[in-house]
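Each value in this text was obtained by applying a stated rule to the coordinates, not by laboratory testing. Fair warning: this is a prediction, and the values are worked out from it, not measured in the lab. As a convention, Cβ positions derive from the backbone with ideal geometry for all residues, glycine included, and neighbour counts pool all protein chains shown.
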Amino acid sequence: MLPVKKLIGSVRRGEIRWLNYLLASGLALGSDAGLFLLLLDAGMSPVMASATGYCAGILVHWMVSSRLVFADGAAARGTGERHRQKLLFVGSALVGLAVTTAIVGGGSALGLDPRLAKLAAIVVSFQTTYLLRRHIVFRAAAA
C-alpha cells in the first residue's frame, strides 16, 4: 500500500508544480503581452514588439520559477550550479523566443492579425519551455 500512497503524493506534487508554473507563466505573459501591445500601438513592427515583450517576460518568469515553481530544485544563490541554471533557463527562453517570433512572423507574413499569431505562439511556447525547464533546467525538482 505504501507505493500507492507515494505515487499519489508524487502526482499531487506534479499537479501543484504544473499549476504554479501556470501561475508563473500567467505573470510573465501579462508582462510580455502588455509590453507587446504597448509597443505595437507605438508603431513597432510585430516581430520586434513580440521579441521585446517576450524578453521582459523571461525576467519575470525566472524570478517566480526559481522561487516558487522549482524552488526545491533551484541551486543555492551565488554558486556555479545556480549560474548554470540561469544560463539553461535563458537558453530555454531563447528557444521559446525563437518559437514565438517564428509564429508571429509567419502569421504576419500570411496576413494574420499579429494578435492571433501571438496567441498561437503562447500555446506552443508555453509547452516547449515547460518541458525544457522541468526536464533540463530544474531536473532535480522534477524527480
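Rounded to the nearest 500, what is the 222 nm mean residue ellipticity of the chain from helices alone, with -39500 (n - 2.57) per DSSP H run of 4+ residues and division by all residues?
Details: 5 runs with 112 residues, N = 143.
Theoretical 222 nm ellipticity from helices: -27500 deg cm²/dmol.
When you work out D = kT/(6 pi eta Rh) for the chain at 25 °C and 0.890 mPa s, using the Kirkwood radius from C-alpha pairs as Rh and the Stokes-Einstein form, the result is 154 µm²/s. The packing ranking of peptides 74-84, 114-124, 51-61, highest mean first, is 51-61, 114-124, 74-84, where packing means the average number of other beta carbon atoms within 10 angstrom of each residue.
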